[in-house]
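Structure first, commentary second.
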Amino acid sequence: MPLIRFDLIEGQDEKSLRNLLDASHRAMVKVFGVPKRERYKIVHQHPTNELIIKDIGL
């Protein structure tokens with residue numbers, strides 16, 4: 001089954017993380033037909049200085 005890894009800036013609250021993980025799982029079930037009981041999600045939280053994210057507007 002697919003494994004989804006999220007790299008986030010640290011400090012996310014538990015409810016927000018749960019919402020993210022649940023929404024991504026619902027999408028995998030709906031779009032790819034992944035069985036509902038199979039969940040492979042990993043969350044890595046990093047200090048702000050460890051992630052450089054710049055949106056150039058594409």
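Each value in this text was obtained by applying a stated rule to the coordinates, not by laboratory testing. The model shown is predicted, which means the values in this text are computed figures rather than measured ones. Ideal geometry is used to build each Cβ from the backbone, glycine not excepted, and the neighbour counts take in all protein chains shown.
Worth pointing out:
- Conditions (1) in a helix (DSSP H, G or I); (2) surrounded by fewer than 10 Cβ atoms within 10 Å (Cβ to Cβ): number failed by Ala27: (2)
- Out of Ile53, Ile4, Ile42, Ile9, one residue alone is β-branched (Val, Ile, Thr) and more than 13 Å from the chain's Cα centre (by Cα). It is Ile53.
- Residue count for segment 3-24, restricted to those that are in contact with a helix residue (DSSP H, G or I) (Cβ under 6 Å, 6 or more places away or on another chain) and in a loop (DSSP other than H, G, I, E, B): 0.
- Selection count where residues are part of a strand (DSSP E or B) and either touching a residue at least 40 places away in the same chain (Cβ under 8 Å) or touching a Gly at 6+ places or on another chain (Cβ under 8 Å) (or both), scope segment 32-53: 1
- Within segment 33-57, being exposed (fewer than 11 other Cβ atoms within 10 Å of the Cβ) and hydroxyl-bearing (Ser, Thr, Tyr) holds for one residue alone: Thr48.
- Count of segment 14-24 residues which are surrounded by 11 or more Cβ atoms within 10 Å (Cβ to Cβ) and either in contact with a strand residue (DSSP E or B) (Cβ under 8 Å, 6 or more places away or on another chain) or small (Gly, Ala, Ser) (or both): 5
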